[in-house]
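Here is the structure we will look at.
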4 protein chains.
Amino acid sequence: MHVTIEHAESAIAAARKKAKELGTQMCIAVVDSGANLKAFYRMDDAWVGSIDIAIKKAKTAVFFGMPTGLIGKLSQPGGSLYGIEHSNDGLITFPGGLPIVDNEGVLVGAVGVSGSSVENDHAVAQAGVAVIGVSDLPAHPWRT
Amino acid sequence: MHVTIEHAESAIAAARKKAKELGTQMCIAVVDSGANLKAFYRMDDAWVGSIDIAIKKAKTAVFFGMPTGLIGKLSQPGGSLYGIEHSNDGLITFPGGLPIVDNEGVLVGAVGVSGSSVENDHAVAQAGVAVIGVSDLPAHPWRT
Amino acid sequence: MHVTIEHAESAIAAARKKAKELGTQMCIAVVDSGANLKAFYRMDDAWVGSIDIAIKKAKTAVFFGMPTGLIGKLSQPGGSLYGIEHSNDGLITFPGGLPIVDNEGVLVGAVGVSGSSVENDHAVAQAGVAVIGVSDLPAHPWRT
Amino acid sequence: MHVTIEHAESAIAAARKKAKELGTQMCIAVVDSGANLKAFYRMDDAWVGSIDIAIKKAKTAVFFGMPTGLIGKLSQPGGSLYGIEHSNDGLITFPGGLPIVDNEGVLVGAVGVSGSSVENDHAVAQAGVAVIGVSDLPAHPWRT
């Protein structure tokens with residue numbers, strides 16, 4: 001199952017609203033459960049460098065079915081996943097990428113946000129996911 | 001000058017409307033005048049392979065300030081630009097990518113469309129550009 | 001929906017049997033409907049250069065929901081899709097890649113084969129698909 | 001000398017059995033002594049992001065004839081191989097990749113596993129190697 005374009009648009013609209021409330025300029029990406037781009041939106045004056053980061057955050061969240069920030073905790077020097085960012089044409093493992101899980105517990109895609117502090121990026125991604133699903137996956141196996 | 005997100009949204013809405021009229025499922029990309037992604041929209045059931053093609057068509061149209069199909073006429077075997085597709089991480093030089101030129105003759109971005117025949121791709125891109133500008137550039141120099 | 005590993009194994013076993021009948025050494029790849037690798041098998045003495053070709057053929061067949069050879073007919077010099085191979089990190093558009101469509105008409109993945117003549121590659125891919133589905137998709141829309 | 005497809009299949013079967021015992025969903029890759037993919041197997045519900053990691057672990061283990069985790073100890077900040085992951089189109093240097101050494105002490109390939117904790121990944125790779133060889137190489141020179 002993949003996130004629909006209707007849901008992707010709702011997520012982007014909600015994320016955009018949150019970004020404005022925070023006074024930020026964000027890049028917002030939505031990918032489907034195969035990590036393929038579904039929709040993308042760059043607010044005026046957002047960093048050009050955030051385009052790729054937002055997309056990579058969304059892909060990273062789908063690749064492993066978890067928030068990007070969780071992976072980043074394990075990929076620090078000395079951590080069990082140190083260097084994982086070198087896989088999959090480049091991962092981004094700091095906060096701002098969140099899985100989208102539907103009400104049957106199925107991973108249907110992810111939202112990735114970049115353009116401000118990681119706290120703001122995370123809050124905007126959260127706002128996007130919240131209108132169409134949740135970010136928590138049930139215990140494995142969960143992918144379809 | 002870059003296409004604004006407001007204009008990009010208008011272009012995608014118009015392109016989407018045209019795509020539906022034609023009974024097609026399209027990927028629609030908008031890039032700014034620096035060839036950086038501004039907005040992207042993948043209709044449900046569009047080919048996954050069209051994501052990259054739509055984006056590359058938009059980039060190609062901005063890279064050279066002309067419709068992608070024009071470049072394709074010059075890049076055939078024996079043509080003056082044979083093999084140009086190998087540059088810039090890959091160009092797409094068949095129809096479906098069109099520059100966006102504002103009413104002062106300035107290139108502000110491009111629309112790229114992929115998902116059906118090249119005739120349909122071109123028609124959908126044209127519908128997108130038409131609501132916010134034109135595709136014809138004045139004589140060089142025109143870039144800002 | 002994605003091809004299961006059980007089905008992927010059946011496809012590879014059937015393809016391998018056909019390859020042996022033909023006296024060939026093949027690389028055989030199966031991808032899911034998101035174009036992500038599901039299973040791969042390289043027969044002893046197969047060309048090392050065929051690894052990437054088999055995988056790219058499978059991806060190409062999923063990207064556009066059609067046999068790779070069909071795309072190749074349109075991508076010849078002067079054709080409407082000339083140069084499409086430059087997209088998606090490289091397509092392979094000669095025969096040997098076939099979609100896998102389940103009995104409800106849903107694209108669930110693809111088989112890609114490389115290692116001999118394109119006729120043999122195609123025949124081996126066909127043998128792989130035949131045990132788990134068909135290669136013909138209903139009219140658009142068909143993707144899930 | 002290269003691992004045969006018969007041996008690669010035995011390794012994958014054993015690894016898969018171990019993965020099931022551990023209640024995990026794994027990607028399992030086997031490469032030959034030239035670091036070229038020989039066989040690959042993705043269990044249903046395994047992370048999509050683990051495809052590339054499993055393959056890179058196997059390649060990394062062959063590139064240097066040692067378990068990936070050993071390299072990771074040397075590539076930490078301040079370590080003698082800091083940043084080695086940037087070579088060879090991306091290495092993965094945490095546990096889960098193991099060389100396959102035949103009974104004459106010759107490196108014939110490697111197994112790479114990804115999909116769970118690094119301890120589980122390592123255990124599954126170990127189970128795969130154990131049925132067809134060992135992971136310990138004699139002192140240099142050993143490559144053929």
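The values are calculated or read from the model by the stated rules, or taken from the named source; none is laboratory data. Just so it is clear, the model here is predicted, and its values are computed rather than measured. Here Cβ is always computed from backbone atoms with ideal geometry, including for glycine, and neighbour counts include all displayed protein chains. To get the accessible areas, we keep the full protein, side chains included, count just its heavy atoms, and leave off ligands, DNA and RNA. Shrake-Rupley method; radii C 1.70, N 1.55, O 1.52, S 1.80 Å.
Which one is surrounded by the fewest Cβ atoms within 10 Å (Cβ to Cβ) among residues in region B:54-71 that are touching a Ser or Thr at 6+ places or on another chain (Cβ under 7 Å) and not small (Gly, Ala, Ser)? Before the answer, list the steps.
From region B:54-71, those touching a Ser or Thr at 6+ places or on another chain (Cβ under 7 Å) are B:54, B:56-57, B:60-62, B:67-68, B:71; that's our starting set.
Still in the running and not small (Gly, Ala, Ser): B:56-57, B:60, B:62, B:67-68, B:71.
Values: B:56: 29, B:57: 34, B:60: 30, B:62: 26, B:67: 25, B:68: 30, B:71: 23.
Going through the qualifying residues, I end up with B:71.
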Practice item. Output the qualifying pairs, or none if there are none: Cβ atoms under 6 angstrom, residues six or more apart or on different chains, first residue in region D:124-144 and modelled with pLDDT of 85 or more, second residue in a loop (DSSP other than H, G, I, E, B). Key: D:124/D:26; D:125/D:96; D:129/D:135; D:133/D:102
Practice item. Go through region D:27-55 residue by residue and tally those that are within 13 Å of chain A (Cβ to nearest Cβ), of a type outside the set (Ser, Thr, Tyr) and in contact with a strand residue (DSSP E or B) (Cβ under 7 Å, 6 or more places away or on another chain). Key: 8
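Just give me the residues in region A:56-75 being polar (S, T, N, Q) and facing another protein chain (nearest Cβ under 10 Å), in sequence order.
First, the residues of region A:56-75 that are polar (S, T, N, Q): A:60, A:68, A:75.
Selection gives A:60, A:75.
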Practice item. Examine region C:68-89 for a residue that is closer than 18 Å to residue D:52 by Cα and out of contact with any Pro (no Cβ under 9 Å at 6 or more places or on another chain), and state whether such a residue exists. Key: yes
Review point. Under 9 Å by Cβ, and 6 or more places apart or on different chains, what pairs join a residue from region A:8-31 that is touching a residue at least 12 places away in the same chain (Cβ under 8 Å) with one that is open to solvent by 10 Å² or more (accessible area, probe 1.4 Å) and among the acidic types (Asp, Glu)?
Key: A:25/A:44; A:25/A:45; A:27/A:52; A:30/A:9
Point to revise | Residues satisfying the stated conditions in region C:103-116, i.e. away from every other protein chain (no Cβ under 14 Å) and in a loop (DSSP other than H, G, I, E, B) | key: C:103, C:104, C:116
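How many of the residues in region B:1-53 are closer than 23 Å to residue C:61 by Cβ, open to solvent by 10 Å² or more (accessible area, probe 1.4 Å) and outside any loop (DSSP other than H, G, I, E, B)? Break it down stepwise before answering.
Applying the first criterion (closer than 23 Å to residue C:61 by Cβ) to region B:1-53 yields B:24-27, B:42-53.
Cutting the leftovers down to open to solvent by 10 Å² or more (accessible area, probe 1.4 Å) gives us B:24-25, B:43-45, B:47, B:51-52.
Filter once more, keeping what is outside any loop (DSSP other than H, G, I, E, B): B:51-52.
Going through region B:1-53 one residue at a time, the tally reaches 2.
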Study note, to complete from the structure: Pairs returned, first residue in region D:68-80 that is at negative phi and touching a residue at least 40 places away in the same chain (Cβ under 8 Å), second residue that is part of a helix (DSSP H, G or I) and open to solvent by less than 20 Å² (accessible area, probe 1.4 Å), beta-carbon separation under 7 angstrom, 6 or more apart or interchain, are D:68/D:57; D:68/D:60; D:68/D:61
Point to revise | Only one of A:84, A:92 that is open to solvent by 20 Å² or more (accessible area, probe 1.4 Å), on the phi < 0 side of the Ramachandran plot and either modelled with pLDDT of 95 or more or within 14 Å of chain D (Cβ to nearest Cβ) (or both) | key: A:92
Exercise for review: State whether the residues of region D:55-65 include one that is among the basic types (Lys, Arg) and farther than 18 Å from residue D:126 by Cα.
Suggested key: no
Study note, to complete from the structure: Across (1) away from chain D (no Cβ under 14 Å); (2) open to solvent by 10 Å² or more (accessible area, probe 1.4 Å); (3) touching a Ser or Thr at 6+ places or on another chain (Cβ under 6 Å); (4) under 21 Å from residue D:50 (Cα atoms), residue A:135 clears everything bar (3)
Check your understanding: When region C:30-42 is examined, which residues are found to be out of contact with any Gly (no Cβ under 8 Å at 6 or more places or on another chain) and not hydroxyl-bearing (Ser, Thr, Tyr)?
Key -> C:37, C:39, C:40, C:42
**Study point:** Lone unmet requirement of (1) at positive phi; (2) in contact with a Gly (Cβ under 8 Å, 6 or more places away or on another chain) for residue D:45
**Key:** (2)
Study note, to complete from the structure: Per the list (1) touching a residue at least 60 places away in the same chain (Cβ under 8 Å); (2) of a type in the set (Val, Ile, Thr); (3) open to solvent by 10 Å² or more (accessible area, probe 1.4 Å), residue check on residue C:100 breaks on (3)
